[in-house]
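Enquirer: I have a structure I would like to understand better, so I am pasting it below and will then ask my questions one at a time.
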Ligand code: ARG
């Protein structure tokens, strides 16, 4: 090789090396999201979050969290955590956000910050077909199942006092409903859309839904660590955009049959 050619080659090689080292020459728009949001959920709350046959966690809250992630340019990782452990998981920094049909309450606001509301629901009572209670106060003195740490628990504890042994606490609403089916309980109090979904998908269950007009409107929001206003603001902006695009309505139609 002629000397000048060797020089040109060496120059090209080092320029190439320099480009890879400094990242020059690569496109400036990242192809993979640089941020990651770790999202906690309790995944036995269909249609908001549950596991499909393949074991993947899916549902309204999961798809909404992923849409929010896409708006922000962040990857979303889902972690399944018991409902009454979600707030601790946020505060321990094991997760960055809760997406778990979590109702925005004054009590929770003492330990977490919430996004703007993205869904409305109420509680509902589930009974065995033909049983006598006509309203919430008729549940006094009956064995009532609730999911640990939920607003359903608050409602029942307000009615019966939190030390009443008739209150049966379960890890999941599914466990409570399945226990009601085998006569292990007199009633279950839980979020109405979840109960409706269960009754529709288990027509053989012999369970019925009972409304009570004392149940107040609840609003679901994503929860963040207190003071994590950066993520909270980004998520709220993303929710606004998704709302404008009609995406939230579309997800409600897909998962809840709502128009
Ligand atoms: N909305 C109720 C609450 O905030 C129940 C939520 C339960 N969510 C769940 N994924 N298990 O207390």
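Enquirer: Regarding region 204-218, can at least one residue be identified that is more than 11 Å from the ligand (Cβ to nearest atom), out of contact with any helix residue (DSSP H, G or I) (no Cβ under 8 Å at 6 or more places or on another chain) and closer than 30 Å to residue 37 by Cα?
Expert: Yes, there is a match, as at least one residue in region 204-218 is more than 11 Å from the ligand (Cβ to nearest atom), out of contact with any helix residue (DSSP H, G or I) (no Cβ under 8 Å at 6 or more places or on another chain) and closer than 30 Å to residue 37 by Cα.
Enquirer: Taking only region 36-55 into account, find how many residues are in contact with a strand residue (DSSP E or B) (Cβ under 9 Å, 6 or more places away or on another chain), without any contact (Cβ under 8 Å) to a residue 40 or more places away in the chain and assigned to a loop (DSSP other than H, G, I, E, B).
Expert: So the count comes out to 2.
Enquirer: Residue check: is residue 223 in contact (Cβ under 8 Å) with a residue 40 or more places away in the chain, within 17 Å of residue 122 (Cβ to Cβ), within 16 Å of the ligand (Cβ to nearest atom) and buried (at least 19 other Cβ atoms within 10 Å of the Cβ)?
Expert: no
Enquirer: Here is a follow-up. For region 197-209, check the following and say yes or no: at least one residue is touching a residue at least 40 places away in the same chain (Cβ under 8 Å), closer than 17 Å to residue 151 by Cβ and part of a loop (DSSP other than H, G, I, E, B).
Expert: Scanning region 197-209, I find no residue that is touching a residue at least 40 places away in the same chain (Cβ under 8 Å), closer than 17 Å to residue 151 by Cβ and part of a loop (DSSP other than H, G, I, E, B), so the answer is no.
For every residue, the table says whether it meets (1) over 25 Å from residue 164 (Cα atoms); (2) part of a strand (DSSP E or B).
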residue: 61; (1), (2): yes, no
residue: 64; (1), (2): yes, no
residue: 77; (1), (2): yes, yes
residue: 85; (1), (2): no, no
residue: 100; (1), (2): yes, no
residue: 117; (1), (2): yes, no
residue: 124; (1), (2): no, yes
residue: 132; (1), (2): no, no
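Enquirer: Within region 99-136, can you find the residues that are surrounded by fewer than 19 Cβ atoms within 10 Å (Cβ to Cβ), more than 15 Å from the ligand (Cβ to nearest atom) and under 24 Å from residue 206 (Cβ atoms)?
Expert: Within region 99-136, 128, 129, 130, 131, 132, 133, 134, 135 meet the criteria.
Enquirer: Yes or no: residue 170 within 13 Å of the ligand (Cβ to nearest atom) and free of Cβ contacts under 8 Å to residues at least 60 places away in the same chain?
Expert: Yes; evaluated as a whole, the condition is true for this residue.
Enquirer: Output the number of residues of region 174-196 satisfying the condition of being part of a loop (DSSP other than H, G, I, E, B) and touching a strand residue (DSSP E or B) at 6+ places or on another chain (Cβ under 6 Å).
Expert: 1
The numbers here are math on the coordinates, done by the rules we state, and not lab data. Everything numeric in this text was worked out from a predicted model, so none of it was measured. Note: ideal-geometry Cβ built from the backbone for every residue, glycine included; neighbour counts use all protein chains shown.
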